[in-house]
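The values are calculated or read from the model by the stated rules, or taken from the named source; none is laboratory data. What you see is a predicted model, and the numbers here were worked out from it, not measured in a lab. Cβ placement follows ideal geometry from the backbone for every residue including glycine, while neighbour counts extend to all protein chains displayed.
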Amino acid sequence: MTITHVRATCPHDCPDTCAILVKVEDGVAKEVKGDPEHPTTAGVLCTKVSRYVDRTYHPDRVLYPMRRVGRKGEGKFERISWDEALDTIAGRLKDIGARDPQAILPYSYCGTMGLVQGESMSLRFFNKLGASLLDRTICATAGATGYRYTIGSSIGTDLEEFQDAKLILIWGGNPIASNLHFWMRAQEAKRRGATLIAIDPYRSLTAEKCHQHIALLPGTDAALALGMMHVLITEDLLDHDYIEQHTLGFEPLKARALEWTPERTADTCGITVDEVVNLARLYGQTVKNGDAAAIRINYGIQRVRGGGMAVRNIACLPALVGAWRLPAGGIQLSTSASFPTNRPALQRPDLLAGRTPRTINMTTIGDDLLREASPGFGPKIEAVIVYNANPLAIAPDSRKVQQGFEREDLFTVVLEHFHTDSADYADILLPATTQLEHVDAHLAYGHLYMMANNAAIAPVGESKPNTEFFRLLAARMGYDDPCFLESDDEIAAQAFNKNDARAIHFDWESLKRSGWKKLNMPAAPFAEGGFTTPSGKCEFFSESMLADGLDPVPTYIPPYESVASNPVLAEKYPLAMISPPARNFLNSTFVNVKSLRATEGEPHLDIHPDDAAARGIAHGDMARIFNDRGSFIARARVTDKARAGLVVGLSIWWKKLASDGKNANEVTSQRLTDMGRAPTFYDTLVQVERAAPLTRDETI
Ligand SMILES: Nc1nc2c(c(=O)[nH]1)N[C@H]1C(S)=C(S)[C@@H](COP(=O)(O)OP(=O)(O)OC[C@H]3O[C@@H](n4cnc5c(=O)[nH]c(N)nc54)[C@H](O)[C@@H]3O)O[C@H]1N2
Ligand SMILES: Nc1nc2c(c(=O)[nH]1)N[C@H]1C(S)=C(S)[C@@H](COP(=O)(O)OP(=O)(O)OC[C@H]3O[C@@H](n4cnc5c(=O)[nH]c(N)nc54)[C@H](O)[C@@H]3O)O[C@H]1N2
Ligand code: SF4
Ligand SMILES: [Mo]
């Protein structure tokens, strides 16, 4: 028997990007383990990815190309050959492309975060074709934009420094579920005497384990940050020297913050005056005492109308108190811009050859699939190629998304591991390889290591890497640019700029051998200023925001849908609903892995005892959650983890594995955030009523 240990990388959309060792016996993967040598992975994988071998050899894997024989959505297919699949797809794309290639749309996100199997050969293909561009907004663009206006780019405090902080604010994140290796550092900080505070409307697994939990109303974080600024200014907990040297626009910020008394802030956020004042004091005094105060800001605060502004306001705080001076101070949203990623080489925008195709926002796929041709919109969408994504489950306003994909005149190709909700709508369904079966290079958004993934085993069944599908399709289309012949290793070798000092002479072959290598970044990135904004300072006042039609100074933008901001709607739909990730799923990935689904049980709705009692709902009853956009069913858990007025449906369930074939996105809306054109999943008012109990057949 030959046993090898192959160096791999977790491909999932998770900040931790763990280093993995795959044990392979005679060509069969037996076990995945966290690399004990990797400083942030520290030998630990989360429960989900510990099951990666089960997922790879899962009996439900899509193993060969298929053609739909049933109705769209029914999930009935028959086997065809790769040649037939590729000929059919190339034929349709040539036909549509001859009229207008913009009628063809790629739909992809971060099923894999790999730089090779994500967007490399795929975008080369779509750029050459002149297809519609996809605005990949579904997750992070609101906060990334707010952060960029303020700090310059996604660069922040190194995860490895957090253990030395004396105060950690976990703001809009649930790291026990979604950023485990940060939580391990926060625990270490706690052991060393740090105070941990969670700011979250829901008593999440993480909030439960922090010293303090501030349960504000969803979508009010920007106001809380303004209230903190008010206290920091009026109690002079500022670092005047840092403000003077490294920030721009303190006076307008001060004027704005003075409008946000603790009373007004507390009223807006639905918390107490003491909570506002004490939070600001603790933050300011920690830094005054010479200790590090760090903020881990996550994605939970961004999925509301004012999500971009919320991140912007919070990103101003470290500069006000001078927290950036220490390596363990400051803030981390994402580290992605620390990497000198060479996207032009990977994606070849030059293949557009001067054309400027229209852009479709992936968040509004529901409306856009239903749009007719018009001068403003361009051609009707006639073909969608889905890879690394599951739009039927994850996109908002799901009823519209489903109607769109049901269109008989739409040609849909889905490249997948499994028969997901989206796969059921494919005209042609293709088998994709998993991370154990292909090569990739990775950056991370929660640490600072360049990562390599070696293929551990041969492709299962007839599956092919995304790159190979687009390579073969490019050949069928007659594209002869040499870039379409490059191997995955040749693409990976271009992942990072070799000449950039941060990548320290990036060399793919040696990265493949070592598995990972840390970037060369300063320990405290903004200790001496050096922000990447136009002014080089932390911009409390932003000319760029003004130019983009936004308030240039921190402000509060209320949700579209809340009791305070929309009382008329709230009369019909009085409860705010959020649907953050469940611990055992990764977005909609892993929902079909039985052991993980068994732990989550079934779709739940957490509801406060007062709200449940007012509706005659008892713990364990089935509840129907609805608004004008749609409805779904979940089992009620009556608990004060959800503050009064809030209901929480942990997500993202496969619709077809829910009793009613629906999930939380039935009620979410396609409205966009204040900046970054991102979704507002957690800006949703609903009503809840008791539903009939499930019949035995429906019990899942
Ligand atoms: N296990 C697991 N891990 C994951 C994922 C997963 O699905 N499962 N998904 C991955 C992806 S793609 C992402 S983007 C991240 C997301 O993970 P996080 O960045 O942690 O963000 P969310 O899980 O959306 O929300 C985190 C917390 O924010 C709270 N929250 C909701 N609304 C608000 C608000 O208005 N203000 C504040 N302060 N808090 C609010 C929620 O109650 C939740 O507890 O996790 C990644 N990791
Ligand atoms: N209600 C609600 N909706 C949400 C969210 C929420 O919190 N609440 N979160 C939002 C967020 S933050 C995000 S990031 C999105 C995530 O949305 P998506 O990026 O669509 O994520 P997944 O649902 O995990 O679907 C990824 C799919 O890619 C497939 N895949 C994985 N690797 C490969 C590969 O190598 N090749 C191919 N071809 N396929 C592969 C997986 O099998 C999986 O089905 O969802 C968003 N939707
Ligand atoms: S999902 Fe996140 S925590 Fe789990 S193995 Fe992957 S990178 Fe690590
Ligand atoms: Mo995400």
Please enumerate the residues belonging to segment 545-561 that are within 16 Å of ligand 2 (Cβ to nearest atom) and either touching a Leu at 6+ places or on another chain (Cβ under 7 Å) or part of a helix (DSSP H, G or I) (or both).
561
Which one of these is in contact (Cβ under 8 Å) with a residue 12 or more places away in the chain and not hydroxyl-bearing (Ser, Thr, Tyr): 72, 76?
72
When you go through 535, 579, 562 one by one, which is the residue that is touching a Pro at 6+ places or on another chain (Cβ under 8 Å), touching a residue at least 24 places away in the same chain (Cβ under 8 Å) and not basic (Lys, Arg)?
562
Any residue at all in segment 562-576 that is surrounded by fewer than 18 Cβ atoms within 10 Å (Cβ to Cβ), among the charged types (D, E, K, R) and assigned to a loop (DSSP other than H, G, I, E, B)?
no
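Each row is one residue, and each column tells you yes or no for (1) within 16 Å of ligand 4 (Cβ to nearest atom); (2) in contact with a strand residue (DSSP E or B) (Cβ under 6 Å, 6 or more places away or on another chain); (3) in a helix (DSSP H, G or I).
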site	(1), (2), (3)
186	no, yes, yes
196	no, yes, no
206	no, yes, yes
226	no, no, yes
233	no, no, yes
Do you know which of the residues in segment 19-60 that are within 14 Å of ligand 3 (Cβ to nearest atom) and at positive phi is surrounded by the fewest Cβ atoms within 10 Å (Cβ to Cβ)?
43
Hey, any hits in segment 352-368 for a residue that's aliphatic (A, V, I, L, M) and within 14 Å of ligand 1 (Cβ to nearest atom)?
yes
Going through 615, 597 one at a time, which residue ends up being closer than 29 Å to residue 220 by Cα and outside the structural domain of residue 253 (by the TED database)?
615
Filter result for residue 109 (under 17 Å from the mean Cα position of the chain (by Cα), of a type in the set (Ser, Thr, Tyr) and under 22 Å from residue 333 (Cβ atoms)):
yes
In segment 279-309, the residues that are in a loop (DSSP other than H, G, I, E, B), under 22 Å from residue 206 (Cβ atoms) and either within 16 Å of ligand 1 (Cβ to nearest atom) or at pLDDT below 95 (or both):
298, 299, 300, 301, 302, 303, 304
Looking only at segment 180-219, which residues are at positive phi and away from ligand 2 (no atom under 16 Å from the Cβ)?
193
Scanning for something within 16 Å of ligand 4 (Cβ to nearest atom), of a type in the set (S, T, N, Q), within 28 Å of residue 139 (Cβ to Cβ) and out of contact with any helix residue (DSSP H, G or I) (no Cβ under 7 Å at 6 or more places or on another chain), does segment 13-24 turn up at least one residue?
yes
Segment 7-18 residues that are outside the structural domain of residue 111 (by the TED database) and within 6 Å of ligand 3 (Cβ to nearest atom), paired with ones that are assigned to a strand (DSSP E or B) and of a type in the set (Ser, Thr, Tyr) (beta carbon under 9 Å, 6 or more apart)
12/589; 17/9; 17/449; 18/9
Among the numbered conditions (1) farther than 30 Å from residue 498 by Cα; (2) touching a helix residue (DSSP H, G or I) at 6+ places or on another chain (Cβ under 9 Å); (3) touching a residue at least 24 places away in the same chain (Cβ under 8 Å), tell me where residue 359 comes up short.
(2)
Looking at the structure I just gave you, is residue 600 within 16 Å of ligand 1 (Cβ to nearest atom), among the acidic types (Asp, Glu) and out of contact with any Gly (no Cβ under 7 Å at 6 or more places or on another chain)?
yes
Taking segment 235-250, which residues are in a helix (DSSP H, G or I) and farther than 20 Å from residue 311 by Cα?
240, 241, 242, 244, 245
Answer yes or no: is there a residue in segment 517-525 that is farther than 22 Å from residue 223 by Cβ and surrounded by 22 or more Cβ atoms within 10 Å (Cβ to Cβ).
yes
How about segment 23-37: which of its residues are more than 13 Å from residue 437 (Cα to Cα) and among the small types (Gly, Ala, Ser)?
34
Restricted to segment 254-265, and to residues that are touching a Leu at 6+ places or on another chain (Cβ under 8 Å) and in a helix (DSSP H, G or I), which residue is farthest from residue 150 (Cα to Cα)?
265
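Residue-wise test of (1) more than 16 Å from ligand 3 (Cβ to nearest atom); (2) in a loop (DSSP other than H, G, I, E, B); (3) of a type in the set (D, E, K, R).
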position	(1), (2), (3)
618	yes, yes, no
634	yes, no, no
637	yes, no, yes
660	yes, yes, yes
668	yes, yes, no
683	yes, yes, yes
689	yes, no, yes
Just to verify a result, which residue in segment 188-203, among those that are more than 22 Å from residue 574 (Cα to Cα) and surrounded by 24 or more Cβ atoms within 10 Å (Cβ to Cβ), is farthest from the chain's Cα centre (by Cα)?
194
